[in-house]
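The next block holds one structure in the form of structure tokens; read it before the comments.
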Amino acid sequence: DLGRSSELAFVVEPSDDIAVQEQPLILYCQVEGIQPITITWRKNGVMIADSENAFVLANGSLYVSRFQRVRGDGSSDEGEYDCMAQNHYGLLVSRKAKIQAATMSDFHIHPQNAVVEEGGVARFQCQIHGLPEPVILWHKNSMPVNTDNERYTLLPKGVLQITGLRAEDSGIFHCVATNIANVKFSREARLTVSGSRSSVYKDPMILVGPENLTLTVHQTAVLECIATGNPRPIVSWSRLDGRPIGVEGIQVLGTGNLMISDLTVQHSGIYVCAANKPGTRVRRTAQGSLVVQAPAEFVQHPQSISRPVGTTAIFTCVAQGEPPPQITWLRNGQILETSDHIKLKNNNSTLSIYGINQADEAIYQCLAENSAGSTQASARLTVLWADGLPSPPQAVRAETVSATTIQVSWEKPLQNTKEIIGYVLHIRKAADPVEMEYQEAVSKSTFQQLVTDLEPSTSYSFYIKAYTSRGASKASEVTVVSTLGEVPAMPSLFIKVINSTTVQATWEPSIKLGQHEGFKLYYRKVHLSQYTGPVLLASNVTAYNITHLDASVVYEVKLLAYNQHGDGNSTVRFVSLRETVERTVLNPPCDCMKDEQNNKTSTTGIIIGIHIGVTCIIFCILFLMFGYRGRLLMCKNVQEQLSTPQIPRSQRSATGLVLNGATRRDRDDRDLNGKQLDMNELERLFPASPCQEQHEKGIMSAHSLSAAHDETQISTLPLDEFSIIEEQPDPLPKIPHGSSPAAPAPDHSPAIEG
């Protein structure tokens, strides 16, 4: 029952047919449904009136007594026929049946004489057009060709192939074409088989390759391929797209013709015939395309539905075929025209009817058609209507309140108002399709509604329905009104001081401004009442420089956007140039060239400083190394003095050790008691050295050595204060033992610091 309405549906529809001249023709049509049902016929869209030549049978079929391709008045019985069935639920139209007259033309290709050497291949062809397709048979010497002979291959398109020719194959050939319209004979052709089989090598060659074919599913395709060569080539087939040909329904006719039975759409493609020399890669190829069409058929049928008044009805009809079918909708047999409340979507696969009413109740048909055939399916829309429903609301008015608000008011229906439970206001932009409509519910005691959040300068349509528990009333009259225009919003404004006499006003374009034609810029000194301006700026301008200003006063800058509805609110900013002037005095403008030169000088100074620092580090390291060596020498000297017996001063070397640039006599005068040696320092500098014991001995006798002025005082000094001075020999007066030392004479000898 898919695709059928229980109230009215086709059981049998007319089909395509080929009629014979002067013979009767019957087109079948059978309908089921609720009686009474009336059946009529149309040819090429024109109603067929009953006559002696054509009339409707009791079962609904059409009977044509004598089919004529061309009548005396120039009319023809050929054409497209359809059957129409109607009852009080609606009207149905059947699929179109194409009726053609059986014909047969003359042969336009006749077989040709051929001379072929023994062992070769002979091919004869004849072609003729006719309806239905003529059946072609071959005769040799006026006798039907023996099709049991494997060397003889008859192809459906009027081709005869003979392989492995022998002398007995010579003869006279002709073809006979037959269909329900006529029988015709072609001209004769002679085949001569000459000589004996040649042993000369010949490259493989394809004599005839496959033709391009367009067929319908379930038909049979024969792709011809005949090749010659010595040795005899091997013929193979493949698809150009690399897909396998398969084995089901595949058969090889003769030595290389490919026959595909029970065609499907998947068989479409480009087929390649290859003639290969045995044992080598030498080959020749030829190709042809096969297009398989499929008549339209439904994947999803429309279903009959029942809907209350004011709701939406949706029918879905999905068809497939090759090529893809075109879908057309009919309403009670007439082509359905779209409108505000009838829409077709998804390549006409979906029919939507919005806000249905009783006038929409009908039988809807989906017709799917392509070059391979057509089909139809139907469904009925029942509009539910309860008695006693309210009449439509009255006096619907809409008044514009603002750019985004409209107030809608109405009066209650004239009839059946007791059961009303509320109203529904239907709102839609006038330019939008019906499916963009939205609703707002209103209580039964309210007769006006403020509709907000609308768009400025936009037209809207409104209508009202009254609802009861049993359904809705019919829609009220539609009223259309537009919102007011809206001025632009406030723009953002920023002020930047360029110099002591110029500021720059900048702002950002924004969609929040709304529709605007441009900007107006004003400015003034704050103590004045008069503005300079307006400066009119285009909508794409985002900055403006205000020049020739007085640096001693404060300025007010004002910016607003405007459109055809007026000026928007302005944005105000205040700016003072005095601080800029003061900063300029305190911080004069930089000399960029000078700064750049200073930067270069500073960079050079840094590099020189780094080199000096590295040099100082190196000298410090060397100084430490030499200082360490000097202490070693001092330690050695002390050891020698401590271990050597006391001798008179006059016998000593005139060279002495001086610390911090002073002679030992000077130090003796400054510190008669002497200083104790720093043992920790010596231990740190000379751990476990032999001089340590002698050092200790020196400390024990330090006082006596000091009194006699015969010994050398040693004190701990930092390395950076340490120096060695070599004294020149200077004869000194001999001091008696135990006497006090006299003040030393000035030493005028030169000193060398190391």
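The values are calculated or read from the model by the stated rules, or taken from the named source; none is laboratory data. As the structure is a computational prediction, the values presented were derived from the model and not from experiment. Please note: Cβ atoms are built from the backbone with ideal geometry, for glycine as well, and neighbour counts cover all protein chains shown. Accessible surface areas use protein heavy atoms only, side chains included; no ligands, DNA or RNA. Shrake-Rupley method; radii C 1.70, N 1.55, O 1.52, S 1.80 Å.
Points to keep in mind about this one:
- Summing +1 for each Lys or Arg and -1 for each Asp or Glu among the other residues whose beta-carbon sits under 14 angstrom from that of Leu381 gives 0.
- The spacing between segment 71-126 and segment 239-264, judged by their C-alpha centroids, is 27 Å.
- Cα gyration tensor, segment 218-325 - rounded (a/c under 1.5), prolate or oblate: prolate
- In terms of overall dimensions, segment 104-199 has a Cα radius of gyration and Dmax of 13.8, 50 angstrom.
- Listed peptides 93-99, 24-30 appear in the order 93-99, 24-30 once ranked by packing, highest mean of other Cβ atoms within 10 Å at the front.
- Alpha-carbon centroids, segment 466-486 and segment 171-231: separation in whole Å: 76 Å
- Charged neighbours of Gly60, selected by a Cβ distance under 14 Å, balance to -3 (K, R count +1; D, E count -1).
- Residue-count net charge about Trp41 - beta-carbon cut-off 10 Å; Lys, Arg +1, Asp, Glu -1: 0
- Interchain or long-range residues, amide H under 5 Å from Val145's placed H: Trp138, His139, Lys140
- Rounded to the nearest 20 debye, the dipole magnitude of segment 486-563 is 120 debye, with +1 charges on Lys and Arg beta carbons, -1 on Asp and Glu beta carbons, and the Cα centre as origin.
- Global geometry of segment 494-577, whether rounded, prolate or oblate, following the gyration tensor of its Cα atoms and the 1.5 cut on a/c: prolate
- Taking only protein heavy atoms and a 1.4 Å probe, the accessible area of segment 301-384 is 44% carbon and sulfur.
- Heavy atoms of Tyr438 accessible to a 1.4 Å probe, total area in Å² rounded to 10: 90 Å²
- Amide proton proximity set for Thr532, modelled H, under 5 Å, gap of 5+: Tyr523, Arg524
- Near Leu493, no amide H atom lies under 5 Å from its own; only residues 5 or more places off or on other chains count, and H is placed 1.01 Å from N.
- Report note on the peptides 177-186, 156-165: ranked by the mean count of other C-beta atoms within 10 Å, highest first, their order is 156-165, 177-186.
- Accessible-area order (highest first, 1.4 angstrom probe) of the listed residues Ser476, Ser268, Ser529: Ser529, Ser268, Ser476
- Cβ crowding within 10 Å averaged over residues, with 500-506, 570-576 ranked highest first: 500-506, 570-576
- Residue-wise HN-Hα coupling along segment 186-196, computed from phi with Karplus coefficients 6.51, -1.76, 1.60 (Hz; x: Gly, Pro): 7, 6, 8, 9, 9, 10, 10, 9, 10, x, 10
- Net charge dipole, segment 394-482: roughly 440 debye, given to the nearest 20, about the Cα centre with Cβ charges of +1 for Lys and Arg and -1 for Asp and Glu.
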